[in-house]
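This report refers to the structure that appears directly beneath it.
The values are calculated or read from the model by the stated rules, or taken from the named source; none is laboratory data. Being a predicted model, the structure only gives us computed values, none of them experimental. Ideal geometry is used to build each Cβ from the backbone, glycine not excepted, and the neighbour counts take in all protein chains shown. Only protein heavy atoms, including side chains, enter the accessible area calculation; ligands, DNA and RNA are left aside. Shrake-Rupley method; radii C 1.70, N 1.55, O 1.52, S 1.80 Å.
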Amino acid sequence: MTAEMSVADFYKGKSILVTGGTGFMGKVLVEKLLYSVPTIGNIYILMRPKRGKSINQRLEEMQRLPLFDRIRNDRPTSLKKIKALQGDVLFENFGLSDNDIEKLSEEVCLVFHFAATLRLEAPLRDNVNMNTCGTQRTLDVAKKLKKLQLVVHLSTAFCYPDYQVLEEKIHAPTVQPADIMRLIEWLDDKQLTLLTPSLLGAHPNCYTFSKRLAESIVADSFESLPVVIARPSIVCPALSEPLPGWVDNLNGPVGLMLGAGKGVIRSMLCDGSLIAQVIPVDTAINAIIALAMIESNRKEKPEVIPIYNINIGHQKPTTWGEVLTIAKDYGRKFPLAWPLWYPNGDITTNYALHEFKRIFYHLLPAYCIDFLLLIAGQKRFMLRVQERISQGLEVLQYFTIRPWNFPCPNFDNIKLKLTEEDNKTFNTDLTEVDKTKYLRICVEGGRIFCLKEDPNKIHINRHYHNFLYILDWIVKILLWLLLLSFVARWFEPARDFLSYGEPVVKYLPFLGPAVLDNQ
């Protein structure tokens, strides 16, 4: 069944409100709507002053990003449709004035609730206040919008870790959201820290827990509000729009690949045989834009809240092992600038082996570097960096050492409900995409947009990369010789055996004196 109207016709003249419009997915949503639906109404986004900059200054900075290049070049007047409002989901009515609320009430037809804290390691109070209470505040504002057609709540596909199969349906929370929202008001941080493990249950962190509570709140509002839940899996750099590889943060697999490419991540707990449940940000945004039209145009209200698992793991199955192999191969041919050490990290499912590598490849080098910096009178930083990396890995590894199963019938059916032209403009089918090419795009996107490196200087990077390769082998050999020298000094049979190789052994550092001086 194809759509009775096009996506552009549906959004024509409609004004929308976006929470989290300055975030990774929020910016891509705004850009895509402005470019592909030039007749859209105003796009209101919540902003707050930050680092001494007003919301107008922040808006101007955002519009100067490479993300908006094609709009600045092709449709510069469309940027005037972005209307920044000084507000925040942490406050009732977003902290907006009565006049602003009245203006939204008269204009806004669609609400895209994207605002969330993505700090998986953040404490319970921060996650619940932003992700759960923020959702409740958004729904309260939505109830005041006279022209409201739909609220799209952005959740996560990983919010039910206690289920083997995560279908497109709601599961009851282990605790009532209202109770948790009251708890963060009543208890101090120390008390909440003590209670958190018992509250989380099967949840690996406060992020998935708070998003599950938020889904429950949204589902409870379904009787009185037109709402839909969109659950993307791990969102990765853009496949093609607005720019191939566009990304503005180091969260998720991109941060891991770049960290490994810089030589600071040498080991990670990950099952290489498992499917990487990821989706390019532009594909996820295409689906969200399309499903908003589909759900708004329903002739009859469904009995249960519509939910879309937005994921392409089943369309183009790619294992974490393949991701590592492709990224390492590409990184060796086109290395990043000035890595700390030769990039040769690996994945394992063995906790003991990972901990051994973490101590010897992450922490000990960090202590050595900081010690040298201390002697040189410079500011120490490496241990702090490694501690942050360890925290990040500890959080992410939960998602890479167990299988995830996301049936996506609603997501898969989106393409059947769009016109042929809309399926090109808002593509959600990646079955024909070259996964090797896409992973290379991800690395390049991280290089250019996050690390701000010049891709024209890769030839310089290769020379330094080759130097590190030789140095890495020299250090490894010296470390093994040092280890063997200890064995030779304290274990006579080993010393006697090694003495048979005296013509060679006598020239080896550490080992030669250990073997021959004790004869």
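Some values worked out for this structure:
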| read-out | value |
| --- | --- |
| Check on Ile275, touching a Ser or Thr at 6+ places or on another chain (Cβ under 8 Å), farther than 30 Å from Phe467 by Cα, among the aliphatic types (A, V, I, L, M) and open to solvent by 20 Å² or more (accessible area, probe 1.4 Å) | yes |
| Extreme residue, surrounded by the fewest Cβ atoms within 10 Å (Cβ to Cβ), among residues of segment 70-85 that are touching a Pro at 6+ places or on another chain (Cβ under 7 Å) and free of Cβ contacts under 8 Å to residues at least 60 places away in the same chain | Arg75 |
| Verdict on Asp88 being part of a helix (DSSP H, G or I) and surrounded by fewer than 20 Cβ atoms within 10 Å (Cβ to Cβ) | no |
| Flag for Lys299 being over 21 Å from Ser273 (Cβ atoms) and modelled with pLDDT under 90 | yes |
| Residue in segment 278-316 that is most open to solvent (accessible area, probe 1.4 Å), counting only those that are closer than 17 Å to Pro237 by Cα and outside any helix (DSSP H, G or I) | Lys316 |
| Matching residues, segment 241-260, being of a type outside the set (A, V, I, L, M, F, W, C) and either open to solvent by 20 Å² or more (accessible area, probe 1.4 Å) or touching a Cys at 6+ places or on another chain (Cβ under 9 Å) (or both) | Glu241, Pro244, Gly245, Asp248, Asn249, Asn251, Gly252, Pro253, Gly255 |
| Only listed residue being open to solvent by less than 80 Å² (accessible area, probe 1.4 Å), assigned to a helix (DSSP H, G or I) and at pLDDT 90 or above, chosen from Leu468, Leu484, Leu430, Leu498 | Leu468 |
| Looking only at segment 433-459, and only at residues there that are of a type in the set (A, V, I, L, M) and open to solvent by less than 50 Å² (accessible area, probe 1.4 Å), the one that is farthest from the chain's Cα centre (by Cα) | Ile458 |
| In segment 11-59, the residues that are over 28 Å from Leu239 (Cβ atoms), touching a strand residue (DSSP E or B) at 6+ places or on another chain (Cβ under 8 Å) and of a type in the set (S, T, N, Q) | Ser15, Asn42, Asn56 |
| Within segment 370-389, tally of residues that are in contact with a Leu (Cβ under 8 Å, 6 or more places away or on another chain) and open to solvent by less than 60 Å² (accessible area, probe 1.4 Å) | 4 |
| Single residue of Ile288, Ile279, Ile275, Ile265 found to be touching a residue at least 40 places away in the same chain (Cβ under 8 Å) and under 15 Å from Val30 (Cα atoms) | Ile288 |
| Residue pairs meeting the criteria (Cβ under 7 Å; at least 6 apart or on separate chains; first of a type in the set (Gly, Ala, Ser), in segment 124-135; second open to solvent by less than 10 Å² (accessible area, probe 1.4 Å) and not in a helix (DSSP H, G or I)) | Gly134/Val89 |
| Some residue of segment 169-191 being acidic (Asp, Glu), touching a Phe, Trp or Tyr at 6+ places or on another chain (Cβ under 7 Å) and either more than 19 Å from Thr19 (Cα to Cα) or modelled with pLDDT of 90 or more (or both) | no |
| Residue tally, condition over 20 Å from Val304 (Cα atoms), open to solvent by less than 60 Å² (accessible area, probe 1.4 Å) and not in a loop (DSSP other than H, G, I, E, B), over segment 161-195 | 6 |
| Segment 456-486: number of residues that are in contact (Cβ under 8 Å) with a residue 12 or more places away in the chain and either within 13 Å of Ala337 (Cβ to Cβ) or touching a strand residue (DSSP E or B) at 6+ places or on another chain (Cβ under 6 Å) (or both) | 8 |
| Inter-residue pairs, beta-carbon under 8 Å, first among the hydroxyl-bearing types (Ser, Thr, Tyr) and in segment 376-397, second part of a helix (DSSP H, G or I), 6+ apart | Ser390/Arg358; Ser390/His362 |
| Test: Ser198 is among the hydroxyl-bearing types (Ser, Thr, Tyr), more than 20 Å from Asn410 (Cβ to Cβ) and in a loop (DSSP other than H, G, I, E, B) | no |
| Condition check for Phe158: at negative phi, open to solvent by 50 Å² or more (accessible area, probe 1.4 Å) and of a type in the set (Phe, Trp, Tyr) | no |
| Flag for Phe112 being in a strand (DSSP E or B) and among the aromatic types (Phe, Trp, Tyr) | yes |
| Unique residue being farther than 20 Å from Leu150 by Cα and open to solvent by 10 Å² or more (accessible area, probe 1.4 Å) when the list is Leu67, Leu59, Leu46 | Leu59 |
